[in-house]
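Below is one structure, written out as structure tokens, with a few remarks after it.
Derivation of every value follows stated rules applied to the coordinates shown; laboratory data play no part. Remember, it's a predicted structure, so these values are computed and weren't measured experimentally. Every residue, glycine as well, gets a Cβ built from its backbone with ideal geometry; the counts of neighbours run over all protein chains shown.
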Amino acid sequence: MFRIGLIGDYDAQVTAHVAIPQAIRLAAEDLGSPVSFDWIPTPSLEQDVEVTLSNYQGLWTVPASPYHSMQGALNGIRFAREHQVPFIGTCGGFQHMIIEFARNVLGLSEADHAEENPAASLVLVAPLTCSVSEQIHTFKLTPGSKVRNIYGTDEIVEQYGICNYGLNPKYAPLLEQAGLRMAGVDFAGEVRIMELDKHPFFVGTLFQPERSALKQLVHPLIRTFLHHASLT
């Protein structure tokens, strides 16, 4: 049996927090691989990150930010990135994935989230032009990307959660040049999926693929995430 760590502050009122365990179980059953998972509160990752996370074969930074500890969430993401641990970040997890990368790979220490620090000198995660909360959208996948290969199609339909923030588009080229690449956009061309080069599985989505479980569907991204975790 392999273990998945869910980085985030559990709240039974959050739809994604209800859906994620179901999505994991559905994908694990489809793979025929027994799996367990634990919720990891973000304050618990402010220190001793390696001790806390070393026994997990996959990490998922979940929706519902602001987190109780932004630094804890970023520390968990950094651990997954640097230790080649299969990782997925959805909604708030995607937003913090790009902040961690900007700060620790690009050296942009001031990179921040407009919701948590609207006065930041470098707003990497900025308000969306229009709220997409609870909406279903079509996304175009980047040819040749890992995500495109996982879905096996050029366009997908997915649902957002409560979402008002996304990548500030002016910084997308910097992230791309450093290896955090665009894997999918909405029909306005805004980045909604990113993946990391030279990592077995490191994917972030602004939408919530876990919501497929509410319809009892196995999601290809979640299935592939678990497959990679089962191999570590």
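Here are some notes:
- Charge sum, other residues only, whose C-beta stays under 13 Å from G8's C-beta, Lys/Arg counted +1 and Asp/Glu -1: -4
- The ellipsoid that matches the Cα gyration tensor of the chain has semi-axes, each √(5λ) in whole angstrom, of 23, 21, 17, with the longest given first.
- Largest mean-square fluctuation among T90, T15, T42, in a Gaussian network model of the chain whose springs join Cα atoms under 10 Å apart, belongs to T15.
- Spin-label pair V218-Q13: with each label point 7 Å from Cα along the Cα-Cβ axis, the two points sit 3.6 nm from one another.
- Principal semi-axes in Å for the stretch 169-232 [√(5λ), Cα gyration tensor, largest first]: 24, 18, 6
- Proximal aspartates and glutamates relative to K215, as straight alpha-carbon distance under 16 Å, when same-chain residues fewer than 8 apart are discounted: E29, D30, E134, E158
- Taken as entire DSSP H runs, the helices of the chain that both span 20 Å or more between Cα atoms along their own long axis and average -1.0 or more on the Kyte-Doolittle scale are 15-31.
- Karplus-based coupling profile of the stretch 157-166, in residue order and whole Hz: 10, 9, 10, 7, x, 7, 9, 10, 9, x, with θ = phi - 60° in 6.51 cos²θ - 1.76 cosθ + 1.60 and x standing for Gly or Pro.
- Per-bin percent of Cα-Cα distances, the stretch 9-147 [5 Å]: 2, 8, 16, 21, 21, 17, 10, 4, 1, 0
- Long-range HN-HN contacts of Q135 with modeled amide H, under 5 Å: Y160
- Mean sequence separation of contacting Cα pairs (under 8 Å, at least six apart), scaled by the length of the chain, corresponds to a relative contact order of 23 percent.
- Amide H contacts of Y165: L128, each under 5 Å away and 5 or more positions distant or on a separate chain (H built 1.01 Å from N in the peptide plane; Pro and chain starts excluded).
- Convex hull per residue volume in Å³, alpha carbons only, for the stretch 113-232: 127
- Amide H contacts for I7 (H built 1.01 Å from N in the peptide plane; partners 5 or more residues away or on another chain; cut-off under 5 Å): I40, W60, T61, V62.
- Partners for K146 among lysines (Cα-Cα distance below 24 Å; same-chain residues under 8 apart left out): K170, K198
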